[in-house]
Amino acid sequence: MVTDGVTNLKLEMSMVQLSIILPVYNEVESIPHLLDELTPVLDATGRKFEIICIDDGSSDGSFDELKKLRSQDERVRIVRFRRNFGQTAAFAAGFDRAQGNVVITMDADLQNDPADIPPLLAKLEEGYDIVSGWRVKRWREGFLPILTRKLPSKIANWLISTFTGVHLHDYGCALKVYRREVVKNINLYGDLHRFIPAIASYYGVSVAEVPVNYRSRQFGTSKYGLSRIIRVILDLLVVRFLLSYSTRPIQIFGSMGLLSFTIGVAVGIYLTFMKLVYGEALAERPMLLLAMLLVMIGVQLVTMGLLGELIVRTYHESQNKPIYSVREELG
């Protein structure tokens, strides 16, 4: 009987079509209202769903509220972190546990409107792999929010679109819809959750953007501000490297190393010429030190590239991790 129960549970979980992931951090007042709105919208889709709530170390009673909501609806699943690990970790935990063929992410602060989910799903059915929300009419809160939130958001979106080649108006919108195979192939670290469409583009996915409603926060306070720009710039360097050189580090380190080495040798040849032909003293010339430094840096960069190649090969071969992604296969 126990075996039959496990089998039935697995069968029931495999029938889940939609997985909604909600990172929760001190949202005790928002959560009940959100689920009251979200559940009817999901029921109206006619698809079996699960709501995965990730309690990211809340200290305001959010976990107790989530337990109460689960007692009323078993489709609510709860994952409780030991401490606050951040939104990226919450999304990663949700992706690991998602059973649905379609995965939906959204904030738990009521700023994302559940009524926007059906249009996003409809867009996904057109053949896209990721559909991202675009908060068109977002800034209606006065001068200070525009300065502390709109400006950082505009700069961040421009930087990400420019450096990754995946052009979206609103990378910061948490309301996104993914095909399950997309999120299952992505490993998230740091604050990379906002870069998911860009990271997924490495695998050749198709991305669309749909305007969605934006609602002002009713409870609590925002967790973001001007410091986001610095985090975005640093994470952008990581993403850019992952997208372009993660499987061929010698090309970036080797190129910079050869350039540095060549310039250093050229400067050294020039100084040697000046010494032999004109008899100039070189011991106290800064250019001599510059030439030596450039040559040494060049050798070190090339060495770093070779070591990077060894690490990449060890990583892929030890885990049998492919360097390609297959959309479909026939025959």
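Any read-out appearing in this document is the output of simple, stated calculations on the displayed coordinates, not a laboratory observation. Just so it is clear, the structure is predicted and the values come from calculations on it, not from any experiment. Counting neighbours? That spans all protein chains shown, and the Cβs are built from the backbone with ideal geometry, glycine included.
Summarising the label geometry, the points placed 7 Å from Cα in the beta-carbon direction at SER206 and ALA266 lie 4.7 nm from one another.
Could you give the length gained on full extension between ARG285 and GLU126, defined as 0.36 nm per residue of separation minus the Cα-Cα distance, in nm? Mind showing how you got there, number by number?
On the way: separation 159, 0.36 × 159 = 57.24 nm, distance 6.65 nm.
Contour length minus the Cα-Cα distance gives 50.6 nm.
What separates the Cα centres of region 186-207 and region 66-133 is a distance of 16 Å. Put simply, the amide H of ARG77, placed in the peptide plane, has neighbours under 5 Å in ILE51, ILE52, CYS53, leaving out anything fewer than 5 places away on its chain. Backbone amide hydrogens, once placed in the peptide plane, bring LEU175 within less than 5 Å of ASP107, GLY133, excluding anything fewer than 5 places away on its chain. Across region 296-310, computed HN-Hα scalar couplings (Karplus, 6.51 cos²θ - 1.76 cosθ + 1.60, θ = phi - 60°) run 5, 5, x, 4, 5, 5, 4, 4, 4, x, 5, 5, x, 4, 5 Hz from first to last residue, x flagging Gly and Pro. Among TRP158, TRP134, sorting on how many other beta-carbon atoms sit within 10 Å of each Cβ, with the fewest leading, yields TRP158, TRP134.
List the relative contact order of region 260-319 as a percent without decimals, with contacts defined as Cα pairs under 8 Å and 6+ residues apart.
Details: 35 pairs, mean separation 26.0, N = 60.
RCO, region 260-319: 43 percent.
Note that region 162-173 has calculated 3J(HN,Hα) couplings of 5, 8, 9, x, 9, 8, 10, 6, 9, 5, x, 6 Hz, one per residue in order, obtained from phi through the Karplus relation 6.51 cos²θ - 1.76 cosθ + 1.60 (θ = phi - 60°); glycine and proline are x.
Taking 7 Å steps out from each Cα toward its Cβ at LYS137 and MET296 produces label points 6.3 nm apart.
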